[in-house]
Amino acid sequence: VQLQASGGGLVQPGGSWRLSCAASGSAFSIMGWYRQAQGKQRDLVAEITSGSSPNYADDVKGRLTISRDDAKNTVYLQMNSLKPEDTAVYYCEVFAAGQGNYWGQGTLVTVSS
């Protein structure tokens, strides 16, 4: 299984950005995004399970939206109203029963003026 994430970059506070992550192989029941700021642990941002409502970290609710396209085996993270504290390396993660979980390589999003 390979995960190809794209879309990291520099964005101004209050701006928007979108990340995507395409997974090879079979379908995955859970697809999600984590992030790790410098000097901090990796934390869940959002995850989405087939047929269920997404789950979000409290500090991103209302600003970040996760979605998935199962035909493309791709998960997206639309980020709006970005804050400097959203600066982090963002990792996509997928899980399938019987296969376990897999991580993308990480992509840096920097929110700064």
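The values are calculated or read from the model by the stated rules, or taken from the named source; none is laboratory data. Bear in mind that the values here come from a model prediction, so they are computed numbers and not experimental data. Please note: Cβ atoms are built from the backbone with ideal geometry, for glycine as well, and neighbour counts cover all protein chains shown. Note: areas computed on protein heavy atoms with side chains; ligands, DNA, RNA excluded. Shrake-Rupley method; radii C 1.70, N 1.55, O 1.52, S 1.80 Å.
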Ranked packing of 38-47, 87-96, most packed first, by mean Cβ within 10 Å: 87-96, 38-47
For K83, list the aspartates and glutamates whose Cα falls under 16 Å from its own Cα; do not include residues on the same chain fewer than 8 positions away. D58, D59
For the range 60-96 versus the range 10-32, the gap between their alpha-carbon centres in whole angstrom: 4
Relative contact order, percent, the chain [alpha-carbon distance under 8 Å, six or more residues apart]: 37
Once phi is turned into ³J(HN,Hα) by the Karplus curve 6.51 cos²θ - 1.76 cosθ + 1.60 with θ = phi - 60°, what whole-Hz value does each residue of the range 48-64 show in order, with x for glycine and proline? 9, 10, 3, x, 10, 6, x, 10, 10, 5, 4, 7, 10, 4, x, 10, 10
Packing-ranked peptide list from 51-57, 65-71, highest mean Cβ count within 10 angstrom first, is 65-71, 51-57
Ignoring ligands, DNA and RNA, what accessible area per residue does the chain give at 1.4 Å, in Å²? 52
Nearby lysines by direct alpha-carbon distance to K72 (threshold 27 angstrom, same-chain neighbours under 8 apart not counted): K61
When the accessible area of the chain is split by element with a 1.4 Å probe, what percent falls to carbon and sulfur? 46
